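What follows is a set of notes on a single structure, which appears directly below.
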There are 4 protein chains.
Amino acid sequence: MADKIAFLGLGSMGAAMATNLLKAGFPLTVYNRTAAKAEPLRQQGATVATTPAEAVRDADIVFTMLTDDKALEEITTGPDGFIHALKPGAIHASCSTVAPDTNRRLAEAHRAHGSFLVASPVFGKPDVAAAGKLWVGSSGPAEARERLKAAQAAIGQGTHNFGDDPGAASVAKLCGNFLLGTVIEGMAEALTLAEKCGLDRVGFYEMLTSTLFNNPIYKSYGKLIAEQHYQPVGAPPAIIRKDMNLVVQEAYKNDMPMPFANLIRDRLTATVALGEPDVDWASFAKRVSEDAGL
Amino acid sequence: MADKIAFLGLGSMGAAMATNLLKAGFPLTVYNRTAAKAEPLRQQGATVATTPAEAVRDADIVFTMLTDDKALEEITTGPDGFIHALKPGAIHASCSTVAPDTNRRLAEAHRAHGSFLVASPVFGKPDVAAAGKLWVGSSGPAEARERLKAAQAAIGQGTHNFGDDPGAASVAKLCGNFLLGTVIEGMAEALTLAEKCGLDRVGFYEMLTSTLFNNPIYKSYGKLIAEQHYQPVGAPPAIIRKDMNLVVQEAYKNDMPMPFANLIRDRLTATVALGEPDVDWASFAKRVSEDAGL
Amino acid sequence: MADKIAFLGLGSMGAAMATNLLKAGFPLTVYNRTAAKAEPLRQQGATVATTPAEAVRDADIVFTMLTDDKALEEITTGPDGFIHALKPGAIHASCSTVAPDTNRRLAEAHRAHGSFLVASPVFGKPDVAAAGKLWVGSSGPAEARERLKAAQAAIGQGTHNFGDDPGAASVAKLCGNFLLGTVIEGMAEALTLAEKCGLDRVGFYEMLTSTLFNNPIYKSYGKLIAEQHYQPVGAPPAIIRKDMNLVVQEAYKNDMPMPFANLIRDRLTATVALGEPDVDWASFAKRVSEDAGL
Amino acid sequence: MADKIAFLGLGSMGAAMATNLLKAGFPLTVYNRTAAKAEPLRQQGATVATTPAEAVRDADIVFTMLTDDKALEEITTGPDGFIHALKPGAIHASCSTVAPDTNRRLAEAHRAHGSFLVASPVFGKPDVAAAGKLWVGSSGPAEARERLKAAQAAIGQGTHNFGDDPGAASVAKLCGNFLLGTVIEGMAEALTLAEKCGLDRVGFYEMLTSTLFNNPIYKSYGKLIAEQHYQPVGAPPAIIRKDMNLVVQEAYKNDMPMPFANLIRDRLTATVALGEPDVDWASFAKRVSEDAGL
């Protein structure tokens, strides 16, 4: 019989992932701080809980998909956190992009409680999540990782095992977001130089992404940058800025300079400081154009 | 009847391209400063000339593939340059990675002479050139661009038209090399952070390049960086450092800051300063590891 | 009658400051985790306490001069922290270089306890401290700031008032250390370029610091860099790296990019990663020479 | 008897220097492309020439103070350059901020002509030049350097000898301008962080420059930055951007990364791209505020 799943956090990513779990036949209870976001899932057959604790009471697996480390810690081990209501042996699939140490710390709390944490971050935008085509990273206790596979398969097109350290998959996720940032800054500088030199911005984008950089990442982010229209919003600047700060702090902690990461974080900082929140984070590419007087 | 072609500059790239022109049936005369490099082509049927002027005397098309701007200008308009020996109406397919203004200046000289210059830079490493799978950029006078198509088709898998400005395709080429540099630095930082955090460097590379970054560029450069073995040499650090300086100077000339380009150029500068010339330019990724104390 | 002072933290800076308080006639009780460091002060008349709480029991003013935020919080509000033993109305002169929020948080704890915190960071190396020539920043409740003046005058040549916010003087201190970092990197790049171009490194240093940059900071740090001998140790790389990370994080928190600060922090990170701890932090200037192949 | 002097280039710096030469009793002939600028000097007793050649015909010493390398080469060895009109044994005191190689190349031309070049760059703003308080660098043939001393003394408060290489003093000058750039960026980041954290920008500037950074350079540039009023114009952004590009190119040529120099050059590039020419170059500090959303 299918594991009972609770899903906490129904933003654009979480809602899409929860929907796919439901479609795959998992009995699903959902919770979101803003209750309205749970409505579409109720209509598709999910049970809606009014507190995290209520949501997880019968769950074999609890997915969390939250904004940041603070929100994840609060919903897990905070005063109204779900961990105390969790069945022994249950698994927490922690999907948020957080510091490796956050997942490690929560994994300790689960161990003390008799439950498990498997870091389970996902790679892909909301439209990819909706299509069930995310890439999933997975790290934590081996047995729990094994038991989580069926649910991970319902949300993604492939799961990569990063071993026993519950922080490891978070490292991978942070590195992945960092690499996306390098694609954005790289394309922004290349397309802007081309434009300044008289080439057609969109035409050059098309050439690049049909030859050397024929890849969905370059195509999707590159399109936003080539056309300078940063819609729809995959993730807003403030959220990914937080991720880039985690990258920089993880590098600091591990005694490693990361000049590209510094620059991307600062591009996002300027973007946040300039106050245009309702755009995709790739909009930091605008800073490249502005500095060039365009 | 096929155009008669002269090919000047038989480094690893040039030799592969000349070979493919020969295979495609073009009558070919070749020239290289170091004559020994012409020998394999002679054995395959090419005529070997002892001066640039001699090489181009009957040519309809002259390909040049040289180390840098200075070498290109010297062989074209220098004291022993070929331009004076060129037939009226002949086309110079200028394939080297040079400043846009260098091609523009030479295009002027050709116009005065009654010949044409088409910037025809190529994207790809020597193995790609050998396979005839280069991507070709093309810009210059429309009629000449048209006449050059058959020869370009013999060396590449596709040609992209960048219009009439003989500098335009050079801009595109420089931007392309710059983007490769961002891939190298990005992968180096990502893999090194992963390594410092306890992940397996090669394993993480494999995950990245089988998911989000499933692309030949990320795979080929990423492999060198993941395994930290910078062989074979696609291009040595000093050559691409020159290209990155062209990028930075082109940006300066066009009033545009390019922070990623500065950093990549400086990585290559440190690599040149440290004096390890017989490695691929992706070896600047070593600087990332060294700064992390690895 | 002079205020009774407790001094916690007798590193090279703290010991020099405590000695000057003693010389100025303040009754002094000292505490240091490693007791041996208190011996010279005992010989000059200070009372030596064996715990922080014992040290502060009769104190009107408690100076703390510790390595980092964690050490300061531990000695103040930790399980064996001194705050519980403090007399109502006593003043905590917090001299360590810490995050503004750390002093703000501790100021709250003092308020709850009925005591006061005045951030009182100092500018200057150990030899400057020994000479009583530090510059002192001061911020916190007005009345407490006023009462602290006599003690501050005993350790410095001047005190600058930064107002009521207990975080403000910490901001100033962090900015000051950041500026020292810009002097080091700036001098390192300038002297190294001069050297690479054939000028005499030390001679050029002497010219610069006897003309435009005729200033004790440029002279003292510049000398270490010109002669490439990073002794004596004013502060080791790891300590100031921590400060630079506080700068970068404070900038992040306040939505501000700081490219120079990123670079200085990363220079120090590489220096820490390379593992040469017993040198002055200005030794990060070595990275400039190394990158230039010297 | 005093050397006869010709002075070519009467911008704000050149006019002030020429005036001081006149005051010191040197017979003076001046030339400027825009003749009106010569008028005040004529009124003080200078002869005004209508061509460079005419200006230098009787001169023992020719000072040049021009915008850039191109202008200097043109006026010296160009079609209407003065070198052909120069007396054998005359000295060219080359004061412009130019690439070391430019002075080396011109020194060769002088040697061939039987005259001498002494690089004689000056450190200081127009008001410092007017006060005769410039610092002067001097490099070139020993005998010529010796003969130039009296004239250099008339324009400055001290002359530093950089030896026989006519490029050496240019290196020193470029490094000096680079260091000024680090002061500007450093102060801009420090004051802006302080401001973002609630400190008073001007008050903090005053504290810094009356304590650790009590130095005319920090005071004069810092004042512009603290008050964010970039007047009067010591030198406009475009001119110093050219200098910073010379720094970066000299570093490139000598195989040396200079991250601070890259950043300063790019700050100036953005400033030029944004098109506000009639401000002091320290106005690139505005970029720091803008990136912080101020």
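The values are calculated or read from the model by the stated rules, or taken from the named source; none is laboratory data. It should be emphasised that the depicted structure is a prediction, and the values quoted were computed from it without experimental measurement. Please note: Cβ atoms are built from the backbone with ideal geometry, for glycine as well, and neighbour counts cover all protein chains shown. Note: accessible area is taken over every heavy atom of the protein model, side chains too, but ligands, DNA and RNA are not part of it. Shrake-Rupley method; radii C 1.70, N 1.55, O 1.52, S 1.80 Å.
See the values below:
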quantity	calculated
The range B:199-210, residues that are without any contact (Cβ under 8 Å) to a residue 12 or more places away in the chain, facing another protein chain (nearest Cβ under 7 Å) and part of a helix (DSSP H, G or I)	B:Met207
Inter-residue pairs, beta-carbon under 7 Å, first touching a residue at least 60 places away in the same chain (Cβ under 8 Å) and in the range D:74-103, second basic (Lys, Arg), 6+ apart	D:Thr97/D:Lys173
Filter result for C:Thr159 (within 14 Å of chain D (Cβ to nearest Cβ) and touching a Lys or Arg at 6+ places or on another chain (Cβ under 7 Å))	yes
Output for the range D:104-125, where each listed residue is of a type in the set (Ser, Thr, Tyr) and without any contact (Cβ under 8 Å) to a residue 40 or more places away in the chain	D:Ser115
Sole exception among (1) open to solvent by less than 10 Å² (accessible area, probe 1.4 Å); (2) at the interface with another protein chain (Cβ under 7 Å from one of its Cβ atoms) for A:Arg265, by number	(2)
Failed item, numbered, when A:Asp80 is tested on (1) within 14 Å of chain B (Cβ to nearest Cβ); (2) out of contact with any helix residue (DSSP H, G or I) (no Cβ under 6 Å at 6 or more places or on another chain)	(1)
Complete set of residues in the range C:131-148 that are under 16 Å from C:Ala90 (Cα atoms) and either at pLDDT below 95 or open to solvent by 10 Å² or more (accessible area, probe 1.4 Å) (or both)	C:Pro141, C:Ala142, C:Glu143, C:Arg145, C:Glu146, C:Arg147
All positions within the range D:149-161 that are touching a Ser or Thr at 6+ places or on another chain (Cβ under 6 Å) and either open to solvent by 60 Å² or more (accessible area, probe 1.4 Å) or not assigned by TED's automatic domain parsing to the domain that holds D:Ala90 (or both)	D:Thr159, D:Asn161
Cβ-Cβ under 7 Å pairs, at least 6 apart or on other chains, the range A:163-179 side without any contact (Cβ under 8 Å) to a residue 40 or more places away in the chain, far side open to solvent by 10 Å² or more (accessible area, probe 1.4 Å)	A:Asp164/A:Pro141; A:Asp164/A:Ala142
Hits in the range B:13-34 - residues which are open to solvent by 70 Å² or more (accessible area, probe 1.4 Å) and not in a loop (DSSP other than H, G, I, E, B)	B:Lys23
Extreme residue, farthest from the chain's Cα centre (by Cα), among residues of the range B:90-114 that are more than 19 Å from B:Ile240 (Cβ to Cβ) and among the aliphatic types (A, V, I, L, M)	B:Ala112
Given (1) within 15 Å of C:Phe123 (Cβ to Cβ); (2) assigned by TED's automatic domain parsing to the domain that holds D:Phe123, number of the condition D:Ala194 does not satisfy	(2)
Counted residues, the range D:271-280 - those being within 7 Å of another protein chain (Cβ to nearest Cβ) and crowded, with 24+ Cβ neighbours inside 10 Å	0
Qualifying residues in the range C:211-252 (those that are open to solvent by 60 Å² or more (accessible area, probe 1.4 Å), without any contact (Cβ under 8 Å) to a residue 12 or more places away in the chain and more than 18 Å from the chain's Cα centre (by Cα)) - the one farthest from the other protein chains (Cβ to nearest Cβ)	C:His229
Residues of the range D:165-198 classified as open to solvent by 10 Å² or more (accessible area, probe 1.4 Å), facing another protein chain (nearest Cβ under 7 Å) and on the phi < 0 side of the Ramachandran plot, total	3
Selection status of A:Phe213, part of a loop (DSSP other than H, G, I, E, B), out of contact with any Phe, Trp or Tyr (no Cβ under 6 Å at 6 or more places or on another chain), hydrophobic (A, V, I, L, M, F, W, C) and over 30 Å from A:Ala93 (Cβ atoms)	yes
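Listed here are the residues, each with its yes/no results for (1) more than 30 Å from C:Val248 (Cα to Cα); (2) touching a helix residue (DSSP H, G or I) at 6+ places or on another chain (Cβ under 9 Å); (3) in the same structural domain as C:Lys125 (by TED's automatic domain parsing); (4) open to solvent by 50 Å² or more (accessible area, probe 1.4 Å).
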| residue | (1), (2), (3), (4) |
| --- | --- |
| C:Gly11 | no, yes, yes, no |
| C:Gln43 | yes, no, yes, yes |
| C:Ala49 | yes, yes, yes, no |
| C:Thr76 | no, yes, yes, no |
| C:Lys87 | yes, yes, yes, yes |
| C:Val98 | no, yes, yes, no |
